[in-house]
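The values are calculated or read from the model by the stated rules, or taken from the named source; none is laboratory data. As the structure is a prediction and not an experimental result, all values here were calculated from the model. Cβ sites come from the backbone with ideal geometry, for glycine too, and all protein chains shown count toward neighbours.
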Amino acid sequence: MIALVRGEVAVRRPGYVVVVCGGVGYKAFVSDQTLSHVPAVGKEVSLFTHLLLRDEGLNLYGFHCEEERDLFLQLLCVPAVGPKLALAILSLAPVRELTGAIAAGDARRFQAAPGVGRRTAERLVNELRERFASTPSNGQPAEVAAAGPLALARAGLIELGFSYSEAEGLLAAAKGETAEELIAQALRNARRRG
């Protein structure tokens, strides 16, 4: 996994940049928000990245901050949202504004992105709303900040790729005193169901 690239900007165009690291040029697809943080050609830049295997090959996606990369990955979990659409959504506004719109249930905000219709926008908000509903200014969900074992286990399952509702369902039948025990039991339950 390529998690970060740091080097000289060789190409800076709408939709992508090429960063030269150790003599190799890495093409990274970027949102408009990230592109606005990329300096001019010849200057040094650091991008958080995510590598995706697609039918057409390997594609690298670059982000100016970890929060944008995390939101990109969460958007990919929404049915009908692929990488191109996720970048279009990320181009709309800074991450904090987008997560705030999701938490507020503002589906119309996302219809401004090319390729996002009413249904996709509503699905996006419905799938992700509970994850951002109680996010304070430090970016960490309030339930995780409270640090109860159930809340930590739920957050851990979501990090593993389960939706909020799937995590709730798995934890409903789980028994344990610590977050680790709850997660282990929930994963065993998931294996039995699957």
Q) For Leu58, all conditions in the list (1) within 18 Å of Ala3 (Cβ to Cβ); (2) over 17 Å from the mean Cα position of the chain (by Cα); (3) not assigned by TED's automatic domain parsing to the domain that holds Val9 hold save one; what is the number of the exception? A) (3)
Q: Could you give me the residue pairs with C-beta distances under 6 Å whose first residue belongs to the stretch 54-76 and is closer than 21 Å to Val20 by Cα, whose second residue is of a type in the set (Gly, Ala, Ser) wherever it lies, and which are 6+ apart or on separate chains?
A: Leu60/Ala28; Gly62/Ala28
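Scan the stretch 14-28 for residues that are surrounded by 11 or more Cβ atoms within 10 Å (Cβ to Cβ) and either touching a Lys or Arg at 6+ places or on another chain (Cβ under 8 Å) or not aromatic (Phe, Trp, Tyr) (or both) and report the count. Full working, then the answer.
Start the filter on the stretch 14-28 by keeping residues that are surrounded by 11 or more Cβ atoms within 10 Å (Cβ to Cβ), which leaves 15-21, 25-28.
Restricting the remaining residues to those that are either touching a Lys or Arg at 6+ places or on another chain (Cβ under 8 Å) or not aromatic (Phe, Trp, Tyr) (or both) gives 15-21, 25, 27-28.
Looking only at that region, the number is 10.
Output yes when any residue across the stretch 14-31 is assigned by TED's automatic domain parsing to the domain that holds Leu124 and farther than 20 Å from Arg123 by Cα, and no when none is. Working first, answer last.
Within the stretch 14-31, the first condition is being assigned by TED's automatic domain parsing to the domain that holds Leu124, and the residues that meet it are none.
Among the residues of the stretch 14-31, not one is assigned by TED's automatic domain parsing to the domain that holds Leu124 and farther than 20 Å from Arg123 by Cα, which makes the answer no.
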Q: Report the residue count in the stretch 111-129 for those that are over 27 Å from Asp55 (Cα atoms) and either in the same structural domain as Ser31 (by TED's automatic domain parsing) or within 16 Å of the chain's Cα centre (by Cα) (or both).
A: 3
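Out of all the residues in the stretch 19-35, which are more than 23 Å from Leu85 (Cβ to Cβ) and among the β-branched types (Val, Ile, Thr)?
Within the stretch 19-35, the first condition is being more than 23 Å from Leu85 (Cβ to Cβ), and the residues that meet it are 19-25.
Those that are more than 23 Å from Leu85 (Cβ to Cβ) and among the β-branched types (Val, Ile, Thr): Val19, Val20, Val24.
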Q: Pairs only if they're at least six apart or on different chains, beta carbon under 8 angstrom, first in the stretch 1-30 and within 10 Å of Leu47 (Cα to Cα), second of a type in the set (Lys, Arg) and loosely packed, with under 12 Cβ neighbours inside 10 Å; list them, first residue then second.
A: Val19/Arg6
